[in-house]
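Report on the following structure.
The values are calculated or read from the model by the stated rules, or taken from the named source; none is laboratory data. These numbers come from a predicted model, not from an experiment. Cβ placement follows ideal geometry from the backbone for every residue including glycine, while neighbour counts extend to all protein chains displayed.
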Amino acid sequence: MISIRLSAVLRTLPLKEGMRVLEIGCGPGVLARAIINQIGDGFVLGIDRSDKAIQQAIKNSTLEIQSGKLAFKKIAIENFKHHANKPLFDLAVAIRVGALDGRHPELAQKAFTNIASLLKKNGRLFIDGPDIIQEINLTKYK
């Protein structure tokens, strides 16, 4: 079941068929599973620093994982690096992620730099905002 807040985030994201989406701080995977329903044959990778969250996300996403449209990985965004043999992402979304929302400013530079390296040239990042979400310009991190 998706919360009212995450439903609003989902409606606000510029999702399109076939996108590759990175959800940072995916928790139990609720938003990641909802995004899959919006992007058809696309792919979502949910990452989280919490082992418990990733275990719960995997447990609740069996069908989506088996379809090849969803995967989860236990890692913090400031430590996540792009592998050359993996395609880049079209969009990244992070809701209530301390490294990106100002709670841990010492991690922000590294986190934003990593996100910029994971996104395609015109890739976009959305985080919590004064409205529902806000887009972050990553030009200075590329």
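Odds and ends about this structure:
- Subset of region 119-136 (residues that are within 18 Å of ASP101 (Cβ to Cβ) and either at pLDDT 95 or above or part of a strand (DSSP E or B) (or both)): ARG124, LEU125, PHE126, ILE127, ASP128, ILE133, GLN134, GLU135, ILE136
- Here PHE126, PHE72 are screened, and the one residue that is aromatic (Phe, Trp, Tyr), in contact (Cβ under 8 Å) with a residue 12 or more places away in the chain and out of contact with any Cys (no Cβ under 8 Å at 6 or more places or on another chain) is PHE126.
- Remark: ASN122 falls outside the filter, which requires a residue to be polar (S, T, N, Q), buried (at least 17 other Cβ atoms within 10 Å of the Cβ) and closer than 19 Å to LEU45 by Cβ.
- Residue within region 37-51 that is modelled with pLDDT of 95 or more, hydrophobic (A, V, I, L, M, F, W, C) and more than 20 Å from GLY123 (Cα to Cα) present: no
- Exclusive hit being aliphatic (A, V, I, L, M) and more than 20 Å from TYR141 (Cβ to Cβ), set LEU63, LEU118: LEU63
- Whether a residue is closer than 16 Å to LEU22 by Cα, in contact (Cβ under 8 Å) with a residue 24 or more places away in the chain and in a strand (DSSP E or B) was assessed, and ARG96 does not pass this test.
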